[in-house]
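Notes to accompany the following structure.
The values are calculated or read from the model by the stated rules, or taken from the named source; none is laboratory data. As the structure is a prediction and not an experimental result, all values here were calculated from the model. We place every Cβ from the backbone using ideal geometry, glycine too, and count neighbours over all the protein chains shown.
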Amino acid sequence: MRIEANRSETEGWRVDRLKKALAIFCQVYGITDEQANLLVEGISDYRGLLTVRWISCSTTEEQERAWSIAWGLAGEDPACVKHHVAPI
């Protein structure tokens, strides 16, 4: 899974926050990191907005809810999560 953060050289914590959010997502959703890699192409953070790029052409409410919880527990606004799904 690709993890990206728009950051300066002194903001390495942004990547750490994304890794934390991913670990929390896996716990909340009840899957392993390997299983998450089959669902999600990548995650990125741009000024506190988490973007989740899905491999599949759709998401479930539960998946989106799990990411919102994870982003909130990582210290950001749980409402600041965008989901992009692959075109059919």
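Selection within the range 1-17: residues that are surrounded by 14 or more Cβ atoms within 10 Å (Cβ to Cβ) and without any contact (Cβ under 8 Å) to a residue 40 or more places away in the chain. The member of this set that is farthest from the chain's Cα centre (by Cα) is R7. Might you check whether a residue that is over 13 Å from the mean Cα position of the chain (by Cα), modelled with pLDDT under 95, exposed (fewer than 13 other Cβ atoms within 10 Å of the Cβ) and within 22 Å of N6 (Cα to Cα) occurs anywhere in the range 36-50? Yes, because at least one residue in the range 36-50 is over 13 Å from the mean Cα position of the chain (by Cα), modelled with pLDDT under 95, exposed (fewer than 13 other Cβ atoms within 10 Å of the Cβ) and within 22 Å of N6 (Cα to Cα).
Among the residues that make up the range 16-29, is at least one of them at pLDDT below 95, acidic (D, E) and touching an Asp or Glu at 6+ places or on another chain (Cβ under 8 Å)? Taking every residue of the range 16-29 in turn, none turns out to be at pLDDT below 95, acidic (D, E) and touching an Asp or Glu at 6+ places or on another chain (Cβ under 8 Å). Evaluate the following for A36: is it more than 23 Å from P87 (Cα to Cα) and among the aliphatic types (A, V, I, L, M)? Taking the combined requirement at face value, the residue does not satisfy it. Taken together, the residues in the range 13-51 that are in a helix (DSSP H, G or I) and among the hydroxyl-bearing types (S, T, Y) amount to 1. Quick check on my filter: what residues within the range 19-41 are of a type in the set (G, A, S) and on the phi < 0 side of the Ramachandran plot? Correct list: A21, A23, A36. Go through the range 52-82 and give me each residue that's in a strand (DSSP E or B) and crowded, with 16+ Cβ neighbours inside 10 Å. Selection gives V52, R53, W54, V81.
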